[in-house]
Amino acid sequence: MRKVFSKPNSMKDTVTHYCPGCGHGIVHRIICEVIDELGIREKVIGIAPVGCAVLAYDYWDFDVTEAAHGRVPAVATGIKRVNPENIVFGYQGDGDLAAIGTAETVHAANRGENITIIFVNNAVYGMTGGQMAPTTILNQKTSTTPLGRDRKTHGFPLKVCELLSVLPGVSYAERVSVHSPAHVLKAKKAIKKSFQNQIDGFDFSVVEVLSPCPTYLGMTPEKAVKWIDETMSKVYPLGRFKDRGKE
Amino acid sequence: MAKKILMCGNEVLAEAAIIAGCRFYAGYPITPQNELPAYMSKRMPEVGGIFIQAESEISAINMVFGASLRGARAMTSSSSPGISLKQEGISYLAGCELPALIVNIMRGGPGLGNIAPSQSDYFQATRGGGHGDYRQIVLAPASLQEIADLTMLSFDLADKYRTPVMILGDGILGQMMEPVELASRLETQDSRQKKDWILDGCKGRKPRIIRSLLLGKGELEELNNRLQRRYKEIKDKEVRCEILYGDDSDVMLVAYGTTSRICSNVVKDLRARGKKVGLVRPVSLWPFPEKQLKELAERVKSFLVVEMSCGQMIEDVKLSIECKRPVHFYGRSGGEVPAEDEIIREVEKIA
C-alpha cells in the first residue's frame, strides 16, 4: 500500500500538550514540512518563545533553544550573526512579540536581520490563563478585560504586519491564517517563502498566523475557527503587506 | 620584555577580550564605559568579529545569549543602571549553563545616580543579581594590567565552568590610563576547549536543546544541584586574593578595586610610621577569600573594610571570620572616593 500522509522528518513522534482545536500544532507541523522540503534540517536553529509554544522543542527534531520572554529576535540576531550559514527562525506568540518584546522585534526588523519570525496571533494569552493580549480585539472578553476590551481603557489591537511592513529593513511581511484547510495551505506557502528568503540572503521576514485558541476564546473549536473567519480576520486582514525582495 | 602601551581601562579591557578570542560584542551606551563599545566597534570588524549596538541592555545581553549558545566567545558591558537591566539575561545564561563575560564599570546609585565611580553593586554582582539560585564568578581588577589579565582569564573560566563571569570595575578604572603589556598574552587563545554542547545545526548528530524551563518532576532541582556542585568546585579552585603584611598586622584593611589602591598607600604610610597595618585585597569577589580571612582572624586584632559604598563587602568579611574579631567600616558613596587621610584617621581610631 502506498503511504500518502506521514509525519515530517523534522517532527518528533510525541503526544500533543496543546488544547483541542489549538492552532499551534498546525503551525509547528507546517514549519517542519517546510524545513524538510527545503532540506535545511541540519542547518536550522529554532527559538521557542515564552508562552504555550515554549515546549516547541518537544515537537521539533532539530536544534532548538528558548529565549526569555520577548527576547527571541535578539537571541536570533546573536546566533545568526555568529554564523550566517545557519537558518535561524523565531516562533513567537502575541504577548512575546507584540507586548514584552516589541522593542526587540522592531529593532531586529529595522536592522534588517537575515532571520525568519513566525508570529502566532491568537488574540489572547494562553499559558497564563486567558488575559488580554496586545492583539485582543475591541470588545473581546478576556480574564483581564471582563467587560470586553475598551479602546479608552485598554487601547487598540496592535497590527504587527502593518507596523513592521513600513520598516526599510523588512523584506517580507504576510498575514495568513490556519482556520481552514485552504488557509493552512496558504500559510504553508508563506512560511516556506519566509525561510527561502532567509536562504537567499534577504532581510527580515515575518509571517503572522491567525490561530485559534478555543480554550481562552471560550468557544468550541468549531466556533473558534468561525470567529477567526468572520470577526478576527476583519480586524487583521489576511494578505501580503510587503515583498520587496533582496536589497 | 614585551612593549608596554598606554590606554584607558575600558580600551584595555576591550583589547584583552579580543586577544582572548572574544568575537562577539553587543552593548548599549552608558557612561562611564563608553570607550569600551567605541573601541569594539572599530576593532571587531578588523578581526572578523561582530559588534552590535543594541537597542537596549536587555537586548544586548540576549544577543550575547544567542552568540554564546552558537559557540562564540561573547561579551557585553555596561554600568550600574544598565547592569540592572541585564539581570534577566544573566539569570537565563546561568540557567542554560552558557558562558559569557559581563563587564560592570560601576557608577553611583541607586536609580540614575551619577556617573562618578562607585562600588555599590557588590551585592548585586556577588549574590547572583537576577532571579533563581545561581552565582556568577566576579573578578575585581585594581590596575589596568590586572584588567587585561583578568579579562583574558574570565573567558577561560566562563568556558571551563559554563557560567557567566562578571568583571566588576568602577569609573576610575575604566577612565584612567596606565601602561599595560598585552602582546605576550596571545597564548590564551590556544587554551580554548572544544564546545560539544553548542547549537550549530544537527548535522551528523542528534538535535540539541538549550533551555532553562524544566517542568518535569525533579528536573529543576537536578539542574540546581548540578550548578551547586559546580559552584563548590569554583569556590575550591578559583579564589584569588592578595594579602599585604598578613603575618604581623594588628589591623587588617579589606578593600578591592580602586579602594584597594588607596588602602595600599595607607598601609605604606602607616608602616613607615611603625604601625602594624596590612591589607587583604580580594581579586575574586565571588568566590570570596573566606579561608584566607578566617586564617587572618586568628592573628589580627581587628578589620577595617573600606568601600565606595555604604557597606556591602563588609558582610562577607563578617561571615568569613564568623564575627570572631571586630569588623569596622569606612565608606564613601554617591561617587565620592575615600581619601588616604580619611582612612588613616579611621585606622587610628581603632589601633
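The values are calculated or read from the model by the stated rules, or taken from the named source; none is laboratory data. Everything numeric here is computed off the predicted structure, so don't read it as measured data. Neighbour counts are summed over all protein chains in view; Cβ atoms, including those assigned to glycine, are modelled from backbone coordinates with ideal geometry.
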Identity of the residue in the range B:259-282, of a type in the set (Gly, Ala, Ser) and under 26 Å from residue B:106 (Cβ atoms), that ends up surrounded by the fewest Cβ atoms within 10 Å (Cβ to Cβ) = B:264
Right, residue A:175: of a type in the set (Lys, Arg), without any contact (Cβ under 8 Å) to a residue 60 or more places away in the chain and buried (at least 19 other Cβ atoms within 10 Å of the Cβ) or not?
-> no
With A:116, A:77 as the choices, which residue is facing chain B (nearest Cβ under 7 Å), under 24 Å from residue A:243 (Cβ atoms) and either of a type in the set (Ser, Thr, Tyr) or surrounded by 24 or more Cβ atoms within 10 Å (Cβ to Cβ) (or both)?
-> A:77
Does residue B:248 satisfy the criteria of being surrounded by fewer than 17 Cβ atoms within 10 Å (Cβ to Cβ), assigned to a loop (DSSP other than H, G, I, E, B) and touching a residue at least 24 places away in the same chain (Cβ under 8 Å)?
-> yes
If you scan the range A:80-105, which residues turn out to be surrounded by fewer than 23 Cβ atoms within 10 Å (Cβ to Cβ) and under 15 Å from the mean Cα position of the chain (by Cα)?
-> A:99, A:102
Flag for residue A:16 being part of a loop (DSSP other than H, G, I, E, B) and of a type in the set (Val, Ile, Thr) | yes
When you look at residue B:275, is it at negative phi, assigned by TED's automatic domain parsing to the domain that holds residue B:342 and part of a loop (DSSP other than H, G, I, E, B), yes or no?
-> yes
Which residues, taken from the range A:194-247, are among the basic types (Lys, Arg) and either at pLDDT below 95 or in contact with a strand residue (DSSP E or B) (Cβ under 7 Å, 6 or more places away or on another chain) (or both)?
-> A:240, A:242, A:244, A:246
Residue tally, condition assigned to a helix (DSSP H, G or I) and among the charged types (D, E, K, R), over the range B:44-83 | 2
What number of residues within the range B:293-310 are closer than 25 Å to residue B:169 by Cβ and surrounded by 15 or more Cβ atoms within 10 Å (Cβ to Cβ)?
-> 8
Taking helices (runs of 4 or more DSSP H) that fall entirely within the range A:168-247, which contain at least 3 residues that are over 21 Å from residue A:24 (Cβ atoms)?
-> A:181-199
